[in-house]
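Asker: First the structure, then my questions, so here it is.
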Number of protein chains: 2
Amino acid sequence: MGVTDLFDPDGIAVVGASKTAGKLGNDAMTNIRSYDGAIYPVNPSSSGSVYGYEFVDSVTETDADLALCCVPSPVVPEVIEECGEAGVGAAVIFAGGFAEVDEAGREREAEIAALGEEYDMTILGPNTAGYCIPHLDLYGSFVPEIRDIETGNVALLAQSGGIGVTGAFQLDREEYGVSSMFGLGNRANVDFAELIPVLDEDPHTEAIAVHIEGTEDIDDAIAAFRECETPIVVLKAGSEEFRDFVGSHTGAPMQDRGAYEDALAGEGVVFVDTVTELIDGARAIASTPTPEGSNVGLVTAQAGPGIIVADSLRERGANFPDLDAETAEQIAEALQGITYTENPVDTGRPLPEFGEVIDAVARDEAVDVVVVYEIYERSLGYPVEELEALAEDLDKPICFIVAGPESFETERLQMEAVGIPTFQAPERGSDAVGALVELADE
Amino acid sequence: MGVTDLFDPDGIAVVGASKTAGKLGNDAMTNIRSYDGAIYPVNPSSSGSVYGYEFVDSVTETDADLALCCVPSPVVPEVIEECGEAGVGAAVIFAGGFAEVDEAGREREAEIAALGEEYDMTILGPNTAGYCIPHLDLYGSFVPEIRDIETGNVALLAQSGGIGVTGAFQLDREEYGVSSMFGLGNRANVDFAELIPVLDEDPHTEAIAVHIEGTEDIDDAIAAFRECETPIVVLKAGSEEFRDFVGSHTGAPMQDRGAYEDALAGEGVVFVDTVTELIDGARAIASTPTPEGSNVGLVTAQAGPGIIVADSLRERGANFPDLDAETAEQIAEALQGITYTENPVDTGRPLPEFGEVIDAVARDEAVDVVVVYEIYERSLGYPVEELEALAEDLDKPICFIVAGPESFETERLQMEAVGIPTFQAPERGSDAVGALVELADE
């Protein structure tokens with residue numbers, strides 16, 4: 001079994017397709033029609049067409065490689081069997097009502113897993129919001145407006161489709177995207193171990209953000225994480241206290257975060273605590289070179305937020321090395337000695353010389369990671385030109401923590417365009433840089 | 001000494017006003033001119049007018065109650081003395097170069113403090129970004145575009161003007177505002193103890209968000225926090241490790257967070273860790289009734305994020321009580337028993353019955369705080385009507401954690417308009433509700 005039919009299907013069947021707005025089978029049709037390939041709405045109870053595609057009665061009447069199954073759980077085994085007979089290589093099962101529910105559901109899930117094996121068919125789900133690969137215009141999901149999600153350099157691999165969707169939309173709202181997003185759901189036969197190697201090979205993916213609740217195949221998952229060369233950020237969710245709730249979700253067995261952390265120590269995997277840290281950390285790692293060490297050079301235009309960022313980074317293992325005498329001289333000259341010119345460097349206010357100060361600190365050999373904080377002031381703007389030159393010249397991460405009125409958005413995105421990831425709150429910046437620093441220590 | 005001239009000045013002098021864009025004295029003029037009162041640009045080196053206001057040579061030629069001092073530190077004592085002679089009741093000193101710098105600065109600061117006492121003048125700063133009171137159109141700050149900040153029900157009282165400005169702009173970007181924002185800076189004679197009682201009396205302020213680095217007058221500050229009836233959320237910044245950096249900022253003495261926490265245990269003060277938690281926590285507390293206990297009823301349309309929210313809330317001291325038999329029956333009926341109908345309640349997907357389920361849980365007497373999570377789907381929308389009825393009928397907090405494409409913004413703001421605070425990431429919601437729960441336990 002391979003998962004390639006999820007990535008480049010020649011034809012796609014939407015089983016249970018519908019003309020009725022708001023129905024799952026209509027939402028899935030709405031999302032999939034941007035794909036450049038044959039689309040087959042399958043529904044024996046419907047006639048005519050939907051979005052210009054003629055309904056057919058059965059998936060066996062199609063040339064589909066991929067089937068999006070929009071039918072309720074009792075019908076799923078029958079549909080999967082038909083998919084197998086039709087030579088479909090991959091199926092996505094959205095419906096819940098399987099191993100997460102009861103014994104009958106567990107049997108039904110075992111049945112579809114067996115069909116997957118019999119027909120050598122990849123099955124994403126059941127009980128998933130699906131997946132998307134924006135650079136292929138491939139949105140295999142019922143989630144409305146998921147087509148808003150654009151292409152980015154982070155792959156989001158979530159056990160919970162809800163976390164995958166939440167994270168992807170959070171990225172979207174700040175003008176980022178994903179290289180792909182997968183909701184694993186109950187993992188009938190596609191689990192972390194199956195997708196990680198494919199994402200590792202994906203040229204669009206520079207970091208993988210993973211959400212884990214727990215999997216029976218923990219050894220295979222751990223092995224896949226270990227072998228993966230692309231950096232991985234992990235959010236492990238689901239505590240013992242909500243064992244029943246977690247089990248009722250994707251049928252996950254109870255597993256401690258510690259079990260994963262211990263097995264993955266020193267393997268290029270960073271663990272985080274929140275969804276925002278997951279996507280911000282992955283974004284920082286995907287957008288910058290891996291730092292050579294944990295020595296941070298911090299330049300701030302306002303001391304108050306700078307103190308908060310410095311403290312938080314120190315708690316996450318960052319060092320603040322003394323700057324070279326030459327660097328200190330350059331800074332003192334630019335700042336005329338009126339502020340704190342050690343590391344962290346505080347310029348007191350954004351000044352015309354702000355870019356110059358960042359340049360001096362960034363080029364200091366003692367510094368592995370550069371962090372900047374600045375409240376936007378229109379008359380001065382952000383030092384985009386200096387940052388662009390630094391991003392080109394240096395092989396070290398530069399992260400920029402922004403604050404200010406909405407009007408800074410254009411210049412924020414200019415910084416992103418030249419390879420400087422931005423973060424819109426002090427702790428978001430320090431958490432993301434913290435992930436970079438942890439990766440350096442691996 | 002009172003601080004009333006900061007709140008309702010009849011006339012305002014901008015000392016060091018300038019016609020030149022980008023100069024501090026021009027930025028301050030730009031911000032203050034929205035105020036409905038006499039404005040006097042003061043600058044003996046300038047003639048003519050700025051924004052239609054005639055320059056005068058000295059503050060003694062004005063009827064100002066408030067002076068915004070935009071001059072460099074060496075000139076400040078002279079300006080403050082003139083202000084005193086002119087009968088100015090309050091002055092804001094933006095310039096740095098005082099106690100945070102060196103011995104000469106300390107002397108200069110002592111000098112202006114003595115002048116403040118001699119002339120019974122309130123002095124905000126030095127070394128501050130200033131303040132704003134949006135409902136009075138009063139923006140006493142040099143920070144460009146601070147006039148974007150609109151009126152809200154949270155007062156932001158920050159030792160660091162940079163944190164005040166960062167927090168206010170963060171609120172602004174999500175369409176919130178502040179009742180007032182103050183940057184204390186070096187606290188020549190306006191410290192926490194002076195402003196807290198005034199904010200406590202302010203009818204526009206429902207919660208006070210406080211940022212502390214450290215103050216010599218810690219006993220007075222603690223007493224003011226204790227006496228304050230308005231709920232307070234505190235972010236204590238500045239660790240021992242960056243003692244010099246912190247000291248160089250607002251001349252703060254080194255003080256542990258523990259010193260504040262111990263002194264304020266059981267006094268209606270909640271401590272948080274980040275800027276976002278500070279403003280989200282204050283927003284939740286300001287916008288909802290104080291909960292009677294820590295029993296949370298959680299309704300989620302997606303289990304994955306629900307698990308994360310539930311775990312995080314439990315860690316912050318929330319309980320998840322069993323629901324009443326009648327509630328469970330109502331939920332099971334609405335959901336046809338296909339999902340997890342205990343507390344947390346997981347509906348599996350947003351359904352037309354989602355509002356009904358929230359209603360049942362919210363009206364359960366075992367529940368003190370209602371938390372909802374839902375990824376937006378256009379065809380279903382958010383249950384605004386049901387939430388409005390609940391907010392009217394019940395005297396308990398209801399918080400809504402949102403996710404989804406940008407297009408949900410209208411309905412998110414509709415929820416805010418009916419008194420339901422919204423939070424745009426799972427951990428932001430659980431942190432804010434965590435602050436509410438802590439307040440209940442006080």
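Rule-based calculations on the coordinates, nothing more; no lab input. From a predicted model like this one, the values you see are computed outputs, not experimental measurements. Don't worry about glycine lacking a Cβ; one is built from the backbone with ideal geometry, like all the others, and counts go over all protein chains shown.
Asker: Does the range A:389-438 come out rounded, prolate or oblate by the C-alpha gyration tensor, with a ≥ b ≥ c the root eigenvalues, rounded set by a/c under 1.5 and, if not, prolate when a/b is larger than b/c and oblate if not?
Answerer: Oblate is the answer for the range A:389-438, as a/c is 1.5 or above yet b/c matches or exceeds a/b.
Asker: What distance in nm lies between label points placed 7 Å from Cα along the C-beta direction at B:Ala38 and B:Asp217?
Answerer: The modelled label-to-label distance comes out at 3.0 nm.
Asker: By how many degrees, 0 to 90 and rounded to 10, does the Cα axis of helix A:325-335 deviate from the longest principal axis of chain A?
Answerer: 90 degrees
Asker: While we're on this one: Taking +1 at the Cβ of each Lys and Arg and -1 at the Cβ of each Asp and Glu, which of A:Leu156, A:Ala114, A:Thr410 sits farthest along the dipole of chain A towards its positive end, judged by Cα position relative to the Cα centre?
Answerer: Final value for the positive-end residue is A:Thr410.
Asker: While we're here: Of all DSSP beta bridges located in the range A:288-441, what percent are antiparallel, nearest 5? Walk me through the numbers before you get to the answer.
Answerer: Values: 0 of 16 bridges.
About 0 percent, rounded to the nearest 5.
Asker: So, one more: Report, ordered by chain and residue number, the lysines lying within cross-link reach of A:Lys396, taken as a straight Cα distance under 29 Å and ignoring same-chain residues fewer than 8 apart.
Answerer: Counting by Cα, and skipping residues close in sequence, A:Lys396 has these lysines nearby: A:Lys236.
Asker: Dipole size in debye (nearest 20) for the range B:1-127 around its Cα centre, Lys and Arg Cβ +1, Asp and Glu Cβ -1? Could you put the intermediate results ahead of the total?
Answerer: Values: 5 positive and 23 negative charges, 139 e Å.
Here the range B:1-127 has a charge dipole of around 660 debye.
Asker: Could I ask something else about it? Restricting attention to the alpha-carbon atoms of the range B:138-211, what are Rg (one decimal) and Dmax (integer), both in Å?
Answerer: 11.5, 34
Asker: Other chains near A:407-416: what is the mean number of their Cβ atoms within 10 Å of each residue's Cβ? The partial results should precede the final answer.
Answerer: Working: counts 3, 3, 1, 0, 0, 0, 0, 0, 0, 0.
The shielding value for this peptide is 1.
Asker: Could you tell me the extents of the range B:206-350's C-alpha atoms along the three principal axes, largest first, rounded to whole Å?
Answerer: Projected onto the principal axes, the Cα atoms of the range B:206-350 cover 63, 30, 22 Å.
Asker: On the first, second and third principal axes, largest extent first, how far apart are the outermost C-alpha atoms of the range B:289-441 in Å?
Answerer: Here the spans come out as 38, 30, 30 Å, largest first.
Asker: Dipole of the range B:206-355 (Lys/Arg Cβ +1, Asp/Glu Cβ -1, origin at the Cα centre): which of B:Phe242, B:Leu335, B:Ser287 lies farthest to the positive side?
Answerer: Highest projection toward the positive end goes to B:Leu335.
Asker: Where the centre of each part is set by its Cα atoms, how far does the range A:139-215 sit from the range A:61-128, in angstrom?
Answerer: Their Cα centres are 20 Å away from one another.
Asker: Another question about this same structure. Write down the percent of antiparallel bridges among all DSSP beta bridges whose residues are both part of chain B, to the nearest 5. Numbers along the way, then the final one.
Answerer: Values: 8 of 61 bridges.
Expressed as a percentage, antiparallel bridges in chain B total about 15.
Asker: Roughly how many nanometres apart are two label points built 7 Å out from the Cα toward the Cβ at B:Ser45 and A:Glu392?
Answerer: 3.8 nm
Asker: Size of the dipole of the range A:236-284 about the Cα centre, Lys and Arg at +1 and Asp and Glu at -1 on the beta carbon, nothing else charged, in debye to 20? Please list the in-between numbers first.
Answerer: Values: 4 positive and 10 negative charges, 36 e Å.
Value, rounded to 20: 180 debye.
Asker: What are the equivalent ellipsoid semi-axes of the range B:149-287, built from the alpha-carbon gyration tensor (square roots of five times its eigenvalues), in whole angstrom, biggest first?
Answerer: Values: eigenvalues 94, 56, 38 Å².
Its equivalent ellipsoid spans semi-axes of 22, 17, 14 Å.
Asker: Among DSSP beta bridges lying fully in the range A:1-127, give the percent that are antiparallel, nearest 5. Kindly include the intermediate steps, with their values, before the conclusion.
Answerer: Working: 2 of 19 bridges.
Taking every DSSP beta bridge within the range A:1-127, about 10 percent pair in antiparallel fashion.
Asker: Order the peptides B:203-213, B:102-112 from the highest to the lowest mean number of other Cβ atoms within 10 Å of their residues. Mind dumping the intermediate values first?
Answerer: Numbers: B:203-213: 23.6, B:102-112: 16.6.
Highest to lowest by the protection proxy: B:203-213, B:102-112.
Asker: Under a point-charge model restricted to the Cβ atoms of Lys and Arg (+1) and Asp and Glu (-1), what is the dipole moment magnitude of the range B:149-287 relative to its Cα centre, in debye to the nearest 20?
Answerer: Numbers: 7 positive and 27 negative charges, 60 e Å.
Once rounded to the nearest 20, the dipole reads 280 debye.
Asker: Related question: Note the angle between two axes, namely the Cα long axis of helix A:218-227 and the longest principal axis of the Cα atoms of chain A, as a number of degrees from 0 to 90, rounded to the nearest 10.
Answerer: 50 degrees
Asker: Tell me the mean residue ellipticity at 222 nm calculated for the protein assembly as shown from its helices only (DSSP H runs of n ≥ 4, each -39500 (n - 2.57), averaged over every residue, nearest 500). Before the final figure, lay out the partial values.
Answerer: Numbers: 32 runs with 339 residues, N = 884.
Value at 222 nm, helices only: -11500 deg cm²/dmol.
Asker: Still on this structure: Remind me, what semi-axes does chain B give for its equivalent ellipsoid, largest first in whole Å, using sqrt of 5 times each Cα gyration tensor eigenvalue? Mind dumping the intermediate values first?
Answerer: Working: eigenvalues 438, 105, 53 Å².
Each semi-axis is √(5λ); the values are 47, 23, 16 Å.
Asker: Looking only at Cα atoms, what is the convex hull volume of the range B:13-142 per residue, in Å³? Walk me through the intermediate numbers first.
Answerer: Details: hull volume 12.1 nm³, N = 130.
About 93 Å³ per residue, rounded to a whole number.
Asker: Across peptide A:154-163, what mean number of C-beta atoms from other chains lies inside 10 Å of a residue's C-beta? Kindly include the intermediate steps, with their values, before the conclusion.
Answerer: Details: counts 0, 0, 0, 0, 1, 1, 7, 4, 17, 9.
Rounded to a whole number, the mean comes out at 4.
Asker: Further question on the same structure: Counting only other chains, what is the mean number of Cβ atoms within 10 angstrom of the Cβ of each residue in peptide B:425-438?
Answerer: Numbers: counts 9, 9, 5, 4, 0, 1, 1, 0, 0, 0, 0, 0, 0, 0.
That works out to 2 on average.
Asker: At q = 0.08 Å⁻¹, what log₁₀ I(q)/I(0) does the protein assembly as shown have when each alpha carbon counts as one equal point scatterer in the Debye sum?
Answerer: Debye output, listed in q order: -0.74.
Asker: On to the next question. May I ask you to order A:253-259, A:124-130 by the average number of other C-beta atoms within 10 Å around their residues, highest value first?
Answerer: Working: A:253-259: 14.0, A:124-130: 29.1.
Result, highest mean Cβ count within 10 Å first: A:124-130, A:253-259.
Asker: Which whole-angstrom value gives the distance between the alpha carbon centres of the range B:363-425 and the range A:364-384?
Answerer: One Cα centre to the other: 38 Å.
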